[in-house]
1. Would you mind checking the pairs LYS104/LYS133; LYS160/LYS341; LYS158/LYS324; LYS122/LYS341 and listing those with alpha carbons more than 20 angstrom apart?
2. Give me a comma-separated list of calculated 3J(HN,Hα) values for the range 227-233, in order, Karplus coefficients 6.51, -1.76, 1.60 applied at θ = phi - 60°, integers in Hz, x for any Gly or Pro.
3. Take the chain, connect every pair of alpha-carbon atoms lying under 10 Å apart with a spring to form a Gaussian network, then pick out the residue of ASN127, ASN64, ASN91 with the largest mean-square fluctuation.
4. Once you keep just the Cα pairs under 8 angstrom separated by 6 or more residues, what percentage relative contact order results for the range 158-376?
5. How far is it, in nm, from the label point at THR14 to the one at LYS324 when both lie 7 Å from their Cα along the line to the Cβ?
6. Rounded to the nearest 10 degrees, what's the angle between the helix 140-158 long axis and the longest principal axis of the chain, both from Cα atoms, 0 to 90?
7. Give me a comma-separated list of calculated 3J(HN,Hα) values for the range 70-84, in order, Karplus coefficients 6.51, -1.76, 1.60 applied at θ = phi - 60°, integers in Hz, x for any Gly or Pro.
8. Can you order the peptides 267-274, 311-318 by their average number of other Cβ atoms within 10 Å per residue, highest first?
Amino acid sequence: MSTEVLTGGYYRYTDIWFQWAEQDSTYGPQLKAMFAHDSLVSPDHPFHIEGVNGAQLFMGQLLNGESRILFSAKQVDYARYWLHAMKLTENLIPLPYSNCLLMKADLQTVSPAIYETGGDLKLANKNMDKFNKKLKGSNPLLMSRRLAFERVRTFWAKKKGVWCAIDFEGWEMEHTMITEFGWSIIRWENGEEVADHGHLQIKEALNFRNGKYVADKRMNYDFGESQVISKKQLPEYIETMIQDLAQYGPIFLVFHDNSQDIRYLQQIKAPIDGYSHILPDAIPETGIYVVDTADIFGALLGEDSPGNKRGLEQMCHHLVVPAKNLHNAGNDAYYTLAALKLMATGDPLDAQREQRWPNHTGPRGGVKVEFAPEEEDSDSDFY
C-alpha cells in the first residue's frame, strides 16, 4: 500500500471524515473512531504500515490544480471489513456514496503522504484549504510546474526506471566547443538505491580554459577521478550510456535549465529522439523524459514567470544542499540530482514549501515565496 496506481480509486479525506459517518446513522461512532486523527497515526491502527512512523494517506491533485488529502478505496473498503471482523458492526457498513469516489480521470497525480501525528494531519487539512484558495486564478505556467513537481514525487516513489542528471560545460569564447561532460545517476535494485556518477574532459579542448566569464573548475571534480576522452569518443560514450540505462525502464534526463544541454546532445547526435518534456499521467514502462530542476524548484517557489529561473547555486543554497566547485560538469550534475532527490522525497509541494520557508509567501497572498536580501545571498549564514 506504500505506492499504488490510480486503479482502485480514492476518496477525499473530508468526505470520509465528515460525510461518511453522518451518512450512516447506525455506525457513525465506529467510523469516527476508526478515522479519528490521533487514531490513524497509532501503530496499532489497521492501516499501519511497518516501518512508517504515523499514518500513510495520499495527496492528490485534481484537474483544476487543487490538492486534496485522500484515502485509497482499498483503505476505505478495508475499514468496513475490519470493523465487521472485530464485531464492532453487526453488518458491513455500506460504501460511501459513489459520487465522491475519485477515479483516474478525476486526478492528475497521486502520491503517498505521511502524517506522523494527529496534529500534523489536522494542520495539513486546514492548510490545504488555504493553499487551494490562494491558487485560484493562477496562470497556466505555475499550474504546469506544480503538476510536474507532484508527478516527479509520484514517479520517484515508485522506484522504477532511472534518473540521470547530465551537464555539459563549453568554452566561454565558443559555446559550441564542448569541454566537459558530467553525469549522476540513481536507480533501484530490489528496492535499494543504486548510484553512479562521473566526469569526462575532452582531450582536444584541454587548452581552452574558462575564467573570464565563467569560473574555471574543470580540474575540481569532487566525486572521483576525471577521465580524458577524445571528441570523437564522446558521442559513442553517451550513446552507450543511454542505451545501457534503457534496460532499467524509463529514463528521466535531469537538467538544470535544459536548453543548452539539450542543444549539446543534439549537436553530438545522442540517441534521444522522441524525448518528451511532458511527464505522462502514470509512470511509463519505457521512453526518455526531460525533467528540469529549474522548473521543479520554480513550482516550490510559486514562480509563475518563465524568465525568473534560479541558477543552480541559488537553488542549492535555498534547499540547503552544500554545493561547491560549480561549473564543473560532474559536480553540477551531482548537485542537480541531489537537489531533485531532496524535493522528490519530501512532502507534497505546499507542505514542503511551508516547512522550508514558513511565513514567506508575502502579504499579498498567493503561493509565491518572497525572500529577504540576506536570504538570497548564498555566501550568508542564513541557513
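The values are calculated or read from the model by the stated rules, or taken from the named source; none is laboratory data. Since this is a predicted model, take the numbers as computed values, not measurements. Reconstructed Cβ throughout: ideal geometry from the backbone, glycine too, with neighbour counts over all protein chains shown. Note: areas computed on protein heavy atoms with side chains; ligands, DNA, RNA excluded. Shrake-Rupley method; radii C 1.70, N 1.55, O 1.52, S 1.80 Å.
1. Beyond 20 Å between Cα atoms: LYS104/LYS133; LYS158/LYS324; LYS122/LYS341.
2. 10, 10, 10, 7, 4, 5, 6
3. Most flexible of the set in this elastic network: ASN91.
4. Values: 361 pairs, mean separation 52.1, N = 219.
Here the relative contact order equals 24 percent.
5. It works out to 4.9 nm between the two label points.
6. That works out to roughly 80 degrees.
7. Running phi through 6.51 cos²θ - 1.76 cosθ + 1.60 with θ = phi - 60° gives 10, 9, 6, 4, 4, 5, 5, 5, 4, 4, 4, 5, 5, 4, 6 Hz.
8. In decreasing order of mean packing, 267-274, 311-318 become 311-318, 267-274.
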